Amino acid sequence: MDETERMGRAICARVDELARITEDPPRLTRVFLSPEMRRAADLVLAWMREAGMAAHMDAIGNVVGRYEGTKPGLPALVLGSHLDTVRDAGKYDGMLGVVTAIACVGRLAHEDVRLPFAVEVIGFADEEGVRFGATMLGSRAVAGTFDRALLKLKDRAGTSLADAMREFGLDAARIGEAAKPRPGILAYAELHIEQGPVLEAKDLPVGTVTSINGAARFEVEVAGEAGHAGTVPMDRRHDALACAAECVLAVEARCASEPGLVGTVGRIEASPGAINVIPGAARFTIDLRAPDDEQRGRAAADLEARFAEIAQRRATRVEMRRVHGLQAAPCAPWLMEQVDRAIAAEGIEPFRLPSGAGHDGMAMIALADICMIFVRCVRGISHNPAEAISMRDAGTGFHVLLRFIKGFAPKPA
């Protein structure tokens, strides 16, 4: 077994250990401020200390480890990912990045290497937003952009975020203490599984991320007229579901018309929902993503205009309402170049690709320039128990991230 596979095995063993901490075994589910999150945090804090870091839990429940540079108090390169999961999750999403970053710092300590900057590793407590419906609460707190109005959000049991923090042993009034000062942060870098099929198709173990796609979500309501399925002629119908169906196909066609743009209708429903009644109303959702905010905005405007045309022709009414939006987070060119060099130094062809999924970098970009390294995952499957990577790819990710850290050069002033 060579060094790459040995490190990959060690990293995957720790990922497996984290994955055993779940609220509903054998399924992996670990949500923000849960007892399982406390157990996972304690385990990761122990690993951080073992790797030579001073480690603590911050004011919102993130775990933070710091490895000092050539002298105490230097600005830091921040590495991180998240420790929370979706329900019935895969085990590498988030966790691979935290475990690999700790392994890299452990190697620095083992080699007695001190750099002209500090290295911090953060395991964010909430990225997925499963429990309270708002995403990236941990990284928003670190970036200093946490909105205190979110403390009123409630989970399915009716527990507010503020009360859940209190039960966890945290004080919501002190969330601001998690924020890091901008002058103390040089950059943010995250290693993550791709969650898509591109690297596998290119036969590459790793890639450099260009941007985290921005996202917008819409709810669309179609108003028609219910009627008897047997008595209303086809040319006199105001079928809301048929209108919605044509709108759904319009989403597919518009998003297939240009590279980078993706659109998904993930939910559709009709009422009254009887087999012998023409639907009088229909509702569906749109998830629209692109690496460029202007591109996504144009697509949304085009779809709204197209829906109006369809509705007029079908004698129905369509209302499209935006319910969620996140701006794209471009990776900094100066950091992408350093990631490319680290990849090339491992004998791998550098390849750049966008991220269609959201990541903590979308919050951290308010604090510092960001970059990401993607690791190939099997068949691009993620947010699914079938999520998988090879041990060799895990080891390759470790070596690329370690090279990036050792070779990191802060942005010139």
Just to be sure I understand the filter: pairs with C-beta atoms under 6 Å, separated by 6 or more residues or on different chains, first member in the stretch 341-354 and over 11 Å from residue 208 (Cα atoms), second member among the basic types (Lys, Arg) and in a helix (DSSP H, G or I). Which pairs pass? 345/403
Select from the stretch 67-93 the residues that are within 19 Å of residue 136 (Cβ to Cβ), part of a loop (DSSP other than H, G, I, E, B) and β-branched (Val, Ile, Thr) and list them in ascending order. 85, 86
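Surrounded by 21 or more Cβ atoms within 10 Å (Cβ to Cβ) and of a type in the set (Lys, Arg): does that describe residue 376?
Values: surrounded by 21 or more Cβ atoms within 10 Å (Cβ to Cβ): yes; of a type in the set (Lys, Arg): yes.
Yes.
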Taking the residues in the stretch 337-364 that are surrounded by fewer than 21 Cβ atoms within 10 Å (Cβ to Cβ) and of a type in the set (A, V, I, L, M, F, W, C) as candidates, determine which candidate is modelled with the lowest pLDDT. 357
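Each row is one residue, and each column tells you yes or no for (1) more than 19 Å from residue 364 (Cβ to Cβ); (2) touching a residue at least 60 places away in the same chain (Cβ under 8 Å).
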{"site": "77", "(1), (2)": "no, yes"}
{"site": "81", "(1), (2)": "no, yes"}
{"site": "124", "(1), (2)": "no, yes"}
{"site": "134", "(1), (2)": "no, no"}
{"site": "141", "(1), (2)": "no, yes"}
{"site": "152", "(1), (2)": "yes, no"}
{"site": "158", "(1), (2)": "yes, no"}
{"site": "166", "(1), (2)": "yes, no"}
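Return the total of residues in the stretch 212-251 being of a type in the set (A, V, I, L, M, F, W, C), more than 26 Å from the chain's Cα centre (by Cα) and part of a strand (DSSP E or B).
Number of matching residues: 2.
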Criterion: surrounded by fewer than 21 Cβ atoms within 10 Å (Cβ to Cβ), of a type outside the set (Phe, Trp, Tyr) and over 20 Å from residue 178 (Cβ atoms) - qualifying residue of 114, 49: 114
Could you check, for the stretch 39-47, whether at least one of its residues is in the same structural domain as residue 142 (by TED's automatic domain parsing), under 23 Å from the mean Cα position of the chain (by Cα), part of a loop (DSSP other than H, G, I, E, B) and touching a residue at least 40 places away in the same chain (Cβ under 8 Å)? no
Lone qualifier among 237, 217, 283 - being closer than 20 Å to residue 318 by Cβ, out of contact with any Phe, Trp or Tyr (no Cβ under 9 Å at 6 or more places or on another chain) and modelled with pLDDT under 95: 217
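Yes or no: the stretch 126-149 includes at least one residue that is among the charged types (D, E, K, R) and part of a strand (DSSP E or B). Reasoning before the result, please.
Step one: list which residues in the stretch 126-149 are among the charged types (D, E, K, R), which gives 126-128, 131, 140, 147-148.
Next, from what is left, pick out any that are part of a strand (DSSP E or B): none.
Among the residues of the stretch 126-149, not one is among the charged types (D, E, K, R) and part of a strand (DSSP E or B), which makes the answer no.
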Does residue 190 satisfy the criteria of being touching a strand residue (DSSP E or B) at 6+ places or on another chain (Cβ under 6 Å), charged (D, E, K, R) and assigned to a strand (DSSP E or B)? yes
Say whether the condition of being surrounded by 19 or more Cβ atoms within 10 Å (Cβ to Cβ), part of a loop (DSSP other than H, G, I, E, B) and assigned by TED's automatic domain parsing to the domain that holds residue 110 is met by at least one residue in the stretch 2-11. no
Within the group 324, 383, which residue is within 17 Å of the chain's Cα centre (by Cα), modelled with pLDDT under 95 and at positive phi? 383
The stretch 252-288, residues that are in a strand (DSSP E or B) and either over 21 Å from the mean Cα position of the chain (by Cα) or under 14 Å from residue 242 (Cα atoms) (or both): 268, 269, 270, 271, 277, 278, 281, 282, 283, 284
Kindly check whether there is at least one residue in the stretch 328-340 that is within 22 Å of residue 136 (Cβ to Cβ), in contact with a Gly (Cβ under 8 Å, 6 or more places away or on another chain) and of a type outside the set (A, V, I, L, M). yes
Return only the number of the condition from (1) at pLDDT 95 or above; (2) in contact with a Lys or Arg (Cβ under 8 Å, 6 or more places away or on another chain) that residue 399 does not satisfy. (2)
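Against the definition (buried (at least 22 other Cβ atoms within 10 Å of the Cβ) and β-branched (Val, Ile, Thr)), how does residue 251 come out, yes or no? Outline the logic, then answer.
On the way: buried (at least 22 other Cβ atoms within 10 Å of the Cβ): yes; β-branched (Val, Ile, Thr): yes.
For residue 251, the condition - buried (at least 22 other Cβ atoms within 10 Å of the Cβ) and β-branched (Val, Ile, Thr) - is met.
Residue-by-condition table, conditions (1) part of a loop (DSSP other than H, G, I, E, B); (2) β-branched (Val, Ile, Thr):
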site	(1), (2)
29	yes, yes
37	no, no
59	yes, no
65	no, no
121	no, yes
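The values are calculated or read from the model by the stated rules, or taken from the named source; none is laboratory data. Model, not experiment: these values are computed from the prediction. Because the Cβ atoms are built from the backbone with ideal geometry, glycine has one as well, and the counts that use them run over all protein chains shown.
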